[in-house]
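The values are calculated or read from the model by the stated rules, or taken from the named source; none is laboratory data. Since the structure is predicted, the reported quantities are computational estimates derived from the model, not experimental observations. Ideal geometry is used to build each Cβ from the backbone, glycine not excepted, and the neighbour counts take in all protein chains shown.
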Amino acid sequence: MPEVRDQVRELAVQACQALFGEYGVELTSIERQDAPTVQMLYCGILGFTGDEMRGSAVLAATKQTLVDSNPIQGGSPRDWIAELVNQFLGRLKLRLMARKVIIYLATPVVLRGEHLSLEARGPVKPLWFQRANGDTLGLWLDLETPEGFVLAEADQEQAPEVGEFTLL
């Protein structure tokens, strides 16, 4: 049986690609072993908590990727990366709800910088995506679960669709 971390990483890849795809930006998942990027990146950081899972997500993108994906022409890259990390975790939350895991999201924080790397709890391996223009997008997903926790099989009848209103 795959580890919970690996299962959630796969759900995160699906959620990230679907999110950016809705905004017209195609992302290809890539393996990347090199040093931190020297590009200027905007990072949206969002924590989450729940009974079975807690952690944080960091979504890092170039300004061009943010401009290309933002439906508001001339919109702020800082505001947009905060909204994207919020939407990303919202999509991941829906995928987790289908597996009987409920998480609650905090408020996004934004930073920007070069040579970004992450030191986190446990074996966090960044997920990397590439656009056709060569820009990369990074996603760090740091999570903790109780010892012995097993992620349930997906029950699609349990989870709402993206855009549905759900009050928990």
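Below is a table of values for the structure above.
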{"read-out": "Residue check for Ala132: at pLDDT 85 or above, over 23 Å from Asp51 (Cβ atoms) and part of a loop (DSSP other than H, G, I, E, B)", "value": "yes"}
{"read-out": "From Val101, Val85, Val58, Val110, residue being outside any helix (DSSP H, G or I) and surrounded by 21 or more Cβ atoms within 10 Å (Cβ to Cβ)", "value": "Val58"}
{"read-out": "Exclusive hit being buried (at least 19 other Cβ atoms within 10 Å of the Cβ), modelled with pLDDT under 90 and not in a helix (DSSP H, G or I), set Leu116, Leu167", "value": "Leu116"}
{"read-out": "Pick from segment 1-25, criterion among the β-branched types (Val, Ile, Thr) and assigned to a helix (DSSP H, G or I), ranking: farthest from Asp68 (Cα to Cα)", "value": "Val4"}
{"read-out": "Considering residues of segment 61-71 that are of a type in the set (Val, Ile, Thr) and at pLDDT 95 or above only, the residue surrounded by the fewest Cβ atoms within 10 Å (Cβ to Cβ)", "value": "Val67"}
{"read-out": "Residue under evaluation Met1, criteria (1) farther than 25 Å from Ala154 by Cα; (2) at pLDDT below 95; (3) of a type in the set (A, V, I, L, M, F, W, C), criterion not met", "value": "(1)"}
{"read-out": "Single residue of segment 33-49 satisfying the filter (exposed (fewer than 15 other Cβ atoms within 10 Å of the Cβ) and in a loop (DSSP other than H, G, I, E, B)) that is modelled with the highest pLDDT", "value": "Met40"}
{"read-out": "Residue list for segment 60-98, filter: over 30 Å from Gly148 (Cβ atoms), in contact (Cβ under 8 Å) with a residue 40 or more places away in the chain and of a type outside the set (Gly, Ala, Ser)", "value": "Thr62, Gln64, Thr65, Asp68, Asn70, Pro71, Leu84, Asn86, Gln87"}
